[in-house]
Amino acid sequence: MSANRFNAHSALGVGVGLRAPHLDDLFAAPEKLPLDWFEIIAENFMVDGGRPLQTLEQVRSRYPVIPHGVSTYVGSAQGLDPAHLRRLKALVRRIEAPWVSDHLCWGAVDGHTSHDLLPLPYTSEVARLCAANIRQVQDVLEVPFVIENVSSYAEFRASTMTEWQFVTEVAEQADCGLLLDVNNVYVSSVNHGFDPRTYLAAIPAERVAQLHLAGHARFESFIIDTHDAPVADAVWQLYAETLARLGPTPTLLEWDAQLPTFAELLAEAGKAAKLLAEVTAAAAPGAARAG
Amino acid sequence: MRVDELEELQRQVLAALRAPLVGPSRERTELPLSARVMPESFAATAERYLTPSAALTPPARLELYHRQYWFRLLDALTDDFPALRSLLGPRAFAALLEAYLDSAPPRVANLRQLGADLPAFLASGAVTTPHLVCAQELARLEVAWLTAFEAAEAPPPTAAQLSTSALALQPHVTLVALRSHADSVWHRANESRPRGRVRPPAATPARFVAVFRLALARQMERLHPAAHALLASLQEQGSLAVALEAAAPLLPARRGSALVESWFRKWTAERWLALREPA
Ligand SMILES: [Fe+2]
């Protein structure tokens with residue numbers, strides 16, 4: 001059961017990323033959509049006023065909203081940006097977020113930002129640095145800070161361990177939760193030639209606070225994590241296996257480009273909800289064990 | 001790998017991402033053809049730090065990040081400056097963005113602020129662009145439009161505070177002085193886009209406009225030269241008395257004070273004014 005201290009013991013089911021083109025449909029919808037929650041890109045709402053903050057209040061009056069950052073860069077060798085942390089904390093306070101997530105990656109140096117989620121060399125020293133940065137974020141935010149595995153297209157010569165060993169080492173040293181992106185594991189497994197099941201089986205189940213699902217673009221010899229398509233069959237399969245291992249876990253469908261209609265997005269999220277409901281029923285107290 | 005070695009790796013990789021876009025990656029954008037070549041340091045950085053995969057060499061792997069870096073930034077700026085793009089045409093516009101991104105790496109966390117320095121870059125004379133004056137003015141209008149979207153709203157002055165307190169404009173209000181037909185170009189470019197209330201282009205070019213936010217919708221409005229002088233003075237100095245003096249020579253001889261009163265009624269109702277933050 002993945003209701004744990006990293007997700008405020010949440011029983012949330014399936015959510016989707018909040019995207020501006022869907023807002024009209026969302027607000028026009030009858031009271032309750034078949035959705036449990038929304039994830040927002042934190043940076044888009046770390047603003048001083050205007051439409052974004054008003055939209056946030058409107059959505060929040062109906063659904064839980066969890067911020068997902070893209071520029072905390074806990075793998076930055078030069079450390080964290082205090083101004084960014086202050087603004088992230090203000091957002092967390094404003095929306096009373098139960099937890100916050102961002103990526104196990106780097107993206108900036110000397111004040112220059114790449115606006116990308118860049119992979120790290122997997123070594124013990126780098127894990128220690130990330131863990132120290134994550135602890136600092138947690139101290140500032142005062143709510144659980146959960147880190148996500150990124151998809152990647154490159155590996156470093158300096159790495160001395162696998163990605164799953166690295167993710168585990170960071171999470172344990174920082175004592176933080178994990179946002180396990182099943183699609184990212186699959187994308188990286190194809191790009192780097194490992195078995196995604198080995199990765200998923202090695203992740204400490206008790207630390208998984210949330211799951212991500214998304215679509216990708218497959219090319220001849222690699223996959224790019226585009227978030228612009230339905231979830232691939234292979235990823236649905238891994239998701240079902242992951243739920244079987246972890247039990248019911250809050251799940252978020254990401255779709256950021258080539259946006260579908262809101263109805264299509266709900267239908268895709270519905271597939272996750274169906275799988276999640278099956279695991280929830282099986283995990284419920286009193287669920288039949290014997291036939 | 002020590003932390004200082006990781007820092008050097010991050011510095012080198014980020015420098016590689018800023019290398020010019022060339023070859024097939026460039027052809028997927030609207031950038032004009034170019035004789036630029038990839039600096040040798042790109043492949044050297046890739047070979048130094050990355051392993052090959054079964055299918056890709058280290059430089060080919062780094063190139064996936066490199067093109068993604070450029071595509072993301074070019075896309076974000078293209079979304080933010082539709083009118084400037086319509087003035088310059090896609091190729092010259094993309095060339096301008098490339099020069100802008102070459103001149104200074106992005107330093108903002110919010111992609112919507114990526115173009116904030118584009119007006120200053122155009123004014124710096126670093127590039128030769130067709131319709132330079134109009135291009136500069138459009139860039140300022142479009143930055144003002146982005147500012148109006150998410151800028152703060154400061155406490156407004158009470159009626160009594162109008163004459164007794166130091167004043168300023170609300171952060172979402174931007175004044176732009178024009179020498180070109182930039183406002184008509186802006187209106188034409190935005191007609192098909194549902195972004196707030198847009199008025200039809202006027203026959204004569206505006207000399208002064210304000211871009212602001214009203215009930216969360218963004219607006220652009222022409223200003224009387226005296227209204228512009230008044231607001232610009234308030235923005236700069238904060239004193240109502242000084243601002244009225246600055247506007248006086250530009251007011252019509254008759255009914256000038258009635259005009260000023262009507263402006264203040266509007267600016268108060270639409271919350272253009274703010275109390276000045278103590279310096
Ligand atoms: Fe993700």
_Hey, A:Leu200 closer than 17 Å to A:Leu117 by Cα and touching a helix residue (DSSP H, G or I) at 6+ places or on another chain (Cβ under 9 Å) or not_ = no
*Within the stretch A:132-142, restricting attention to residues that are closer than 26 Å to A:Val185 by Cα and out of contact with any helix residue (DSSP H, G or I) (no Cβ under 6 Å at 6 or more places or on another chain), which residue is farthest from the ligand (Cβ to nearest atom)?*
A:Ala132
*asked:* Quick test of your reading of the structure: B:Glu277 fulfils all but one of (1) over 25 Å from B:His181 (Cα atoms); (2) modelled with pLDDT of 95 or more; (3) of a type outside the set (A, V, I, L, M). Name the failing condition by number.
replied: (2)
*Which of the residues spanning the stretch A:178-231 are open to solvent by 30 Å² or more (accessible area, probe 1.4 Å), within 15 Å of the ligand (Cβ to nearest atom) and at pLDDT 95 or above?*
A:Tyr186
*Filter the stretch A:33-42 down to residues that are open to solvent by 10 Å² or more (accessible area, probe 1.4 Å) and either within 17 Å of A:Leu179 (Cβ to Cβ) or without any contact (Cβ under 8 Å) to a residue 12 or more places away in the chain (or both), then give me how many there are.*
2
*Residue pairs meeting the criteria (Cβ under 6 Å; at least 6 apart or on separate chains; first assigned by TED's automatic domain parsing to the domain that holds B:Gln68, in the stretch B:20-43; second aromatic (Phe, Trp, Tyr) and outside any loop (DSSP other than H, G, I, E, B))*: B:Leu21/B:Trp70
*Answer yes or no as to whether A:Ile41 is within 15 Å of the chain's Cα centre (by Cα) and within 11 Å of chain B (Cβ to nearest Cβ).*
yes
*Identify the residue in the stretch A:130-158 that is within 14 Å of another protein chain (Cβ to nearest Cβ) and over 21 Å from A:Arg197 (Cα atoms) and, among all such residues, is most open to solvent (accessible area, probe 1.4 Å).*
A:Arg157
*asked:* Give me the helices (runs of 4 or more DSSP H) completely within the stretch B:147-266, filtered to those with at least 2 residues that are modelled with pLDDT under 90, ordered by residue number.
replied: B:159-164, B:182-190
*asked:* Criterion first (outside any loop (DSSP other than H, G, I, E, B) and at pLDDT below 95) does A:Ala277 satisfy it?
replied: yes
*Considering only the stretch A:96-117, state which residues are of a type outside the set (S, T, N, Q), touching a Ser or Thr at 6+ places or on another chain (Cβ under 8 Å) and facing chain B (nearest Cβ under 7 Å).*
A:Trp106, A:Val109, A:His115
*Scanning for something of a type in the set (A, V, I, L, M, F, W, C), away from chain B (no Cβ under 14 Å) and open to solvent by 70 Å² or more (accessible area, probe 1.4 Å), does the stretch A:267-278 turn up at least one residue?*
no
_Pairs needed: first member in the stretch B:1-19, within 8 Å of chain A (Cβ to nearest Cβ); second member anywhere, among the charged types (D, E, K, R) and crowded, with 16+ Cβ neighbours inside 10 Å; C-beta distance under 8 Å; at least 6 residues apart or different chains._
B:Leu17/A:Asp116
*For B:Ser34, state whether it is more than 10 Å from chain A (Cβ to nearest Cβ), surrounded by fewer than 18 Cβ atoms within 10 Å (Cβ to Cβ) and under 19 Å from the mean Cα position of the chain (by Cα).*
no
*Under the condition of being touching a Phe, Trp or Tyr at 6+ places or on another chain (Cβ under 6 Å), closer than 14 Å to B:Leu9 by Cα and among the aliphatic types (A, V, I, L, M), which residue from the stretch A:99-119 is farthest from the ligand (Cβ to nearest atom)?*
A:Ala108
*Output the residues belonging to the stretch B:67-111 that are in a helix (DSSP H, G or I), facing chain A (nearest Cβ under 9 Å), open to solvent by less than 40 Å² (accessible area, probe 1.4 Å) and of a type outside the set (S, T, N, Q).*
B:Tyr69, B:Leu73, B:Ala76
*Within the stretch B:112-142, track down each residue that is in a helix (DSSP H, G or I), out of contact with any Ser or Thr (no Cβ under 9 Å at 6 or more places or on another chain) and open to solvent by less than 50 Å² (accessible area, probe 1.4 Å).*
B:Leu118, B:Pro119, B:Ala139, B:Glu142
*Out of (1) within 9 Å of another protein chain (Cβ to nearest Cβ); (2) at pLDDT below 95; (3) under 33 Å from the mean Cα position of the chain (by Cα), the odd one out for B:Leu64 is which?*
(2)
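The values are calculated or read from the model by the stated rules, or taken from the named source; none is laboratory data. Remember, it's a predicted structure, so these values are computed and weren't measured experimentally. Quick reminder, even Gly has a Cβ in these numbers, built from the backbone with ideal geometry, and neighbours come from all protein chains shown. Calculation scope for accessible area: heavy atoms of the full protein, side chains included, ligands and nucleic acids excluded. Shrake-Rupley method; radii C 1.70, N 1.55, O 1.52, S 1.80 Å.
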